[in-house]
Every structure is written in C-alpha cells, then in structure tokens.
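Inspection log for the structure reproduced underneath, given as structure tokens.
The values are calculated or read from the model by the stated rules, or taken from the named source; none is laboratory data. Please read these numbers as outputs of a predicted model, since none were measured by experiment. FYI the Cβ positions are ideal-geometry reconstructions off the backbone, even for glycines, and counts take in every protein chain you see.
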Amino acid sequence: MAAAGTAKASPQVHGGPYLRIGEVSRRSGVSVKTIRFYCDQGLIEASTRSEGGFRLFDTAILADLALIRALRAMDVPLAELVRILEVRRSGVCNCSVLKVSITTKLDSIDQRMAELLAMKQELSALLDRWQDCGGTKA
C-alpha cells in the first residue's frame, strides 16, 4: 500500500502507462465530474479501462483538455468542440479555423468592452449631474 502523500504508479495496461481520471483531473485542472461529462458528450474518451472498470487515459488527453478549456472559455458550443476535436484527431490542420474563431471572439470582447466603457461614461456623467431631490434622507 502506498504511503500517505505518495503517488500511485500509473497502471500498465495494453502497453500503458495510463492515467486514472483523478490524475488527469489533477494535472489538467479539470474536475473529475467535468471529465466524465466530456466523455459522455463524446469530446474525449478513455484509452482503456482497468480490470475494475475505471477509465484510464493516455497522457495525450491533457493536450485535448487544454484545448477544450481554451475553447470553452471562448464560449464555443459543445457540438462545435466535437467537430474541432474530430478534425484535429484526423490529422487535418484546422489552425486557420481556430484562428478565425479566436479573432472573432477577440473582436466580440473588444466590442463589449467599448459598450461597457460607453455605459460607464454615461453613468458617470449622470452621477455628476445628479441633484438631490431635497426630501428627507432615509
């Protein structure tokens, strides 16, 4: 039995080593629940299963999860993520598609920031012109 605080060795299965879901979670920063959800949605899949039926992942899953996290941060829908990952896994370069998506998201953020700045300026001007009503204060 491993001593408290020491890592368990990665299971050796069919040419492993593979990572257990908890280790994938720890290394990627993605919760175990989210990893299971991504598996259920077809975004990722376990390389194999342990004798006990636990999901085991190749270390390449970490790159997939990093990409998924970045794209989810851009509000890319799950269905689009599945398509992007399928193209990526097929060996076809989809860099231009991703660059366009990222550029579009950046433009959207810039536009939203300009809208928020205009709103801030409008509220500041309103506050500067504000006159107390002269009634009693609560």
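Residue-wise test of (1) over 14 Å from the mean Cα position of the chain (by Cα); (2) outside the structural domain of residue 28 (by TED's automatic domain parsing); (3) in contact (Cβ under 8 Å) with a residue 24 or more places away in the chain; (4) over 23 Å from residue 24 (Cβ atoms).
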residue	(1), (2), (3), (4)
53	yes, no, no, no
66	no, no, yes, no
69	no, no, yes, no
100	yes, yes, no, yes
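Output the number of residues of the stretch 45-79 satisfying the condition of being basic (Lys, Arg) and either assigned to a helix (DSSP H, G or I) or touching a Ser or Thr at 6+ places or on another chain (Cβ under 7 Å) (or both). Walk me through it before giving the result.
Of all residues in the stretch 45-79, those basic (Lys, Arg) come to 49, 55, 69, 72.
When the remaining residues are screened for being either assigned to a helix (DSSP H, G or I) or touching a Ser or Thr at 6+ places or on another chain (Cβ under 7 Å) (or both), the result is 69, 72.
The number of residues fulfilling the criteria is 2.
For the stretch 80-90, indicate whether the set of residues that are among the charged types (D, E, K, R), in a helix (DSSP H, G or I), surrounded by 13 or more Cβ atoms within 10 Å (Cβ to Cβ) and outside the structural domain of residue 38 (by TED's automatic domain parsing) is non-empty.
The answer is no; no qualifying residue exists.
Got a sec? Which of 28, 10 is at pLDDT below 90, surrounded by 14 or more Cβ atoms within 10 Å (Cβ to Cβ) and either of a type outside the set (Val, Ile, Thr) or within 27 Å of the chain's Cα centre (by Cα) (or both)? Reasoning before the result, please.
Numbers: 28 fails: at pLDDT below 90.
From the options 28, 10, the qualifying one is 10.
Residue by residue through the stretch 104-138, note down the ones that are over 30 Å from the mean Cα position of the chain (by Cα), within 29 Å of residue 75 (Cβ to Cβ) and among the hydroxyl-bearing types (Ser, Thr, Tyr).
none
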